[in-house]
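Working notes for the structure below.
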Amino acid sequence: MAFQEKTTVLGADTTYKLAPTAKKYTLRDNGFTETSSGNFQLVRPLEATPQSKEGLKLKITVDKNIQKIKMSVTTANGLKAVNIFKNKNEVLQEQFYFLMDGFIDRGLFEKA
């Protein structure tokens, strides 16, 4: 999946873009780590028990210039994208929107 200016997870109606206030320190303060290529990545579990190694994960990557993003909900091993909106799993959907609303409140993302 390539970086885009606006993106969303598979099956979601809402699209997101980076806020103009998003900076490197803002990303780090919100749990993003810098990869070897200079991009910033966050992997956060969507399950009710974060200690569990099983379950779906929200994966967000921001390019090193903090201009474009890509995001997906993946399986536990991170290899396959999953549509959490297809099977009407309200708990996972609620957790996804809760995380994204928190990032919006902290000035990382905006709804596009």
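The values are calculated or read from the model by the stated rules, or taken from the named source; none is laboratory data. Since the model is a prediction, treat every value here as computed from it, not as a measurement. Don't worry about glycine lacking a Cβ; one is built from the backbone with ideal geometry, like all the others, and counts go over all protein chains shown.
Below, the figures for the structure above:
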quantity	calculated
Residue in segment 2-14 that is in contact with a Gly (Cβ under 9 Å, 6 or more places away or on another chain) and of a type in the set (S, T, N, Q) present	no
Output for segment 23-32, where each listed residue is closer than 20 Å to residue 56 by Cα and in contact with a strand residue (DSSP E or B) (Cβ under 6 Å, 6 or more places away or on another chain)	31, 32
Filtered residues of segment 1-45 (kept if under 21 Å from residue 86 (Cα atoms), of a type in the set (D, E, K, R) and in contact with a helix residue (DSSP H, G or I) (Cβ under 8 Å, 6 or more places away or on another chain))	44
Answer residue from segment 1-18, given it is of a type in the set (A, V, I, L, M) and within 12 Å of residue 60 (Cβ to Cβ) and is farthest from the chain's Cα centre (by Cα) among those	1
Flag if residue 60 is touching a residue at least 12 places away in the same chain (Cβ under 8 Å) and not in a strand (DSSP E or B)	no
Filter result (part of a loop (DSSP other than H, G, I, E, B) and over 14 Å from the mean Cα position of the chain (by Cα)) within segment 67-105	67, 76, 77, 79, 80, 85, 86, 87, 88, 89
Residue that is surrounded by the most Cβ atoms within 10 Å (Cβ to Cβ) [pool: residues in segment 74-112 that are over 14 Å from residue 9 (Cα atoms) and of a type in the set (Val, Ile, Thr)]	104
Filtered residues of segment 1-43 (kept if in a strand (DSSP E or B) and surrounded by fewer than 16 Cβ atoms within 10 Å (Cβ to Cβ))	4, 6, 33, 34, 43
Residue tally, condition among the basic types (Lys, Arg) and at pLDDT 95 or above, over segment 29-58	0
